[in-house]
Amino acid sequence: MALRGVRDLSSATLSALLIWFQLGRTGLGYSSVPLTQRPLGLDVACPLPVDDKAESWRYRRSLWTHQPECEHSMDRTARYCAYTNAQHGSRGWSVVTSPETAADSVSFLSLSPPLKAPSLTSDSHGAPYKVVEMPGKGRGLVAVRDIKQYEEILLDYATLLVDIEFTTKVPAVLGYRLLHAAVDRLSDPASVLDLGQSNGFAQDVVENVVRTNAFHTNLGEVPHLAVYPAVSRINHACKPNAYTRFMPETLQVSVAAARDIPTGEEISISYIPLGQPTPERQRRLHKWGFTCTCSLCSAPEAEREASDARRREIERLRDDAVRAFQAGRPYTALRLTKQVLALLPAEGLFPLYSEQYENMARIFYVVRDMENAERYANMSLGVLREQGYVGEVGREMVEGMWRRFEDEEGGRY
Ligand SMILES: C[S@@+](CC[C@H](N)C(=O)[O-])C[C@H]1O[C@@H](n2cnc3c(N)ncnc32)[C@H](O)[C@@H]1O
């Protein structure tokens, strides 16, 4: 938890009540970020909604390579269609959504670059990793050379996007028909279908993929689930060596190294918010249908207990720091936040550094120690720059931080 108004980079999730998906779980745990609308790239200014009755999908400038397949919602107040562009990138992509959302998002959907999908073979083909069988975990990615901290490991794009409401509003049997149409029409259906092999939650293979591999995202402000086949091949670890970064403007997901990764080490990300002790982690991961066997979960008991104790201490100190700060005791909050920072390296919680540095900057700011406030503001922004969240750090970014602190804390200090 951050002091106030501070982003939590570890994870933000969107829970959805999915009737026939009975999801009750939160996807890979990535941020739900509204899509930034970009200027129209087509010579159609206000595209009309297209469904299975419309002929306009055939137009030369149409986004879609197939006639949409559509179904009504149970109460017949809405329609959802499977739209496919089989020529997008090297896998194609499909969107199961309402005709209105598809029309509203046409500028975005048409502008996304046709990417070559990341390699997913046992031969690395120039990538810094290859896909190998990992005992007890199915397949996974292993570094084929040393990877430097913050280096991008792969850049993936969504191959299947599904409107979350579709999963609650369309009867299962009709929903499956649309999902299968969406996947079968891709130029590489196996890129999605193969992901359904790793566990057997649902009777339907595509449902299984969406249940266990989807990220939450927005398409034109409408919540969707997005499947990224390459990212979905990365196994979970409770002390991961990589992190994911969502790019709302292109719907891409970048995976980068959280620390130096030596040749031969498995590349891992966290499916759940970082920093939790063993029982909480295992409970969350059981909902994903597996028992975690990462190096931390399978470490000797004494090592796990020491890690759990540190993680509980970090949690307690973070909460106490927030309480102290909000109760007008900034120097206590400062001392507690320093203690948090001292404990983070042992737990490999690199993504939390920027948040804690910003907390330090905020505390120094409210006590008007501007030299230290500036030092920590630059440290926080520096980490965000290294992680690829912001560009070059300039004076205006630091001043933007002061304005935010002023808005949020000005009245109290
Ligand atoms: C998103 S997939 C990851 C790729 C998967 N290994 C494959 O072969 O496609 C998630 C599944 O991988 C396995 N898995 C991932 N991380 C694991 C871990 N830390 N411990 C045990 N199994 C894991 C589980 O079967 C889980 O349901």
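Give ARG61, ARG76 a once-over and let me know the one that is basic (Lys, Arg) and at pLDDT 90 or above. Steps first, answer last, please.
On the way: ARG61 fails: at pLDDT 90 or above.
Just one listed residue meets the conditions, ARG76.
Scan GLY348, GLY388, GLY411, GLY394 and give me the residue that is over 26 Å from ARG310 (Cβ atoms) and in contact (Cβ under 8 Å) with a residue 12 or more places away in the chain.
GLY388
With (1) in contact (Cβ under 8 Å) with a residue 12 or more places away in the chain; (2) over 21 Å from CYS294 (Cβ atoms) as the list, and LYS239 as the residue in question, which single condition is left unmet?
(2)
Report, ordered by the first and then the second residue, all pairs with beta carbons closer than 8 Å, sequence separation of six or more or different chains, a first member in segment 130-145 that is in contact (Cβ under 8 Å) with a residue 12 or more places away in the chain and part of a strand (DSSP E or B), and a second member that is more than 9 Å from the ligand (Cβ to nearest atom) and of a type in the set (Lys, Arg).
Within 8 Å, the pairs are LEU141/LYS130; VAL142/LYS130.
Out of THR250, THR217, THR263, report the one residue that is in contact with a strand residue (DSSP E or B) (Cβ under 6 Å, 6 or more places away or on another chain), away from the ligand (no atom under 13 Å from the Cβ) and assigned to a loop (DSSP other than H, G, I, E, B).
THR263
Among all residue pairs at least 6 apart or on different chains, which show Cβ distances below 9 Å where the first residue, located in segment 281-306, is over 22 Å from ARG211 (Cβ atoms) and at pLDDT 95 or above and the second is more than 7 Å from the ligand (Cβ to nearest atom) and among the aliphatic types (A, V, I, L, M)?
Listed by first residue and then by second, the contacts come to CYS297/LEU285; GLU303/LEU296; ARG304/LEU296; ALA306/ALA346.
Scan segment 242-280 for residues that are without any contact (Cβ under 8 Å) to a residue 24 or more places away in the chain and acidic (Asp, Glu) and jot them down.
GLU280
Give segment 263-310 a look and list any residue that's exposed (fewer than 13 other Cβ atoms within 10 Å of the Cβ) and β-branched (Val, Ile, Thr), or say none.
The answer is THR263, THR291.
Only one of these is hydrophobic (A, V, I, L, M, F, W, C), within 14 Å of the ligand (Cβ to nearest atom), over 23 Å from ALA258 (Cα atoms) and in the same structural domain as TYR150 (by TED's automatic domain parsing): VAL227, VAL205, VAL231. Name it.
On the way: VAL227 fails: over 23 Å from ALA258 (Cα atoms); VAL231 fails: over 23 Å from ALA258 (Cα atoms).
The match here is VAL205.
Let's see how each residue does on (1) in the same structural domain as PRO223 (by TED's automatic domain parsing); (2) surrounded by fewer than 17 Cβ atoms within 10 Å (Cβ to Cβ); (3) touching a helix residue (DSSP H, G or I) at 6+ places or on another chain (Cβ under 9 Å); (4) among the acidic types (Asp, Glu):
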site	(1), (2), (3), (4)
SER98	yes, no, yes, no
ALA102	yes, no, yes, no
THR121	yes, yes, no, no
VAL142	yes, no, no, no
ILE147	yes, no, no, no
LEU160	yes, no, yes, no
PHE166	yes, no, yes, no
LEU178	yes, no, yes, no
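Out of segment 155-179, which residues are within 24 Å of the chain's Cα centre (by Cα), over 14 Å from CYS81 (Cβ atoms) and not in a strand (DSSP E or B)?
Result: ALA158, THR159, ILE164, THR167, THR168.
Residue by residue through segment 234-247, note down the ones that are within 9 Å of the ligand (Cβ to nearest atom), not small (Gly, Ala, Ser) and not in a strand (DSSP E or B).
Answer for segment 234-247, where residues must be within 9 Å of the ligand (Cβ to nearest atom), not small (Gly, Ala, Ser) and not in a strand (DSSP E or B): ILE234, CYS238.
Assess whether LEU115 counts as being under 27 Å from PRO351 (Cβ atoms), of a type outside the set (Lys, Arg), touching a strand residue (DSSP E or B) at 6+ places or on another chain (Cβ under 8 Å) and modelled with pLDDT under 90.
On the way: under 27 Å from PRO351 (Cβ atoms): yes; of a type outside the set (Lys, Arg): yes; touching a strand residue (DSSP E or B) at 6+ places or on another chain (Cβ under 8 Å): yes; modelled with pLDDT under 90: yes.
When the stated conditions are applied, LEU115 passes them.
The values are calculated or read from the model by the stated rules, or taken from the named source; none is laboratory data. Computed from a predicted structure; not experimentally measured. A quick note on method: Cβ atoms are made from the backbone with ideal geometry, for glycine too, and the neighbour counts reach across all protein chains shown.
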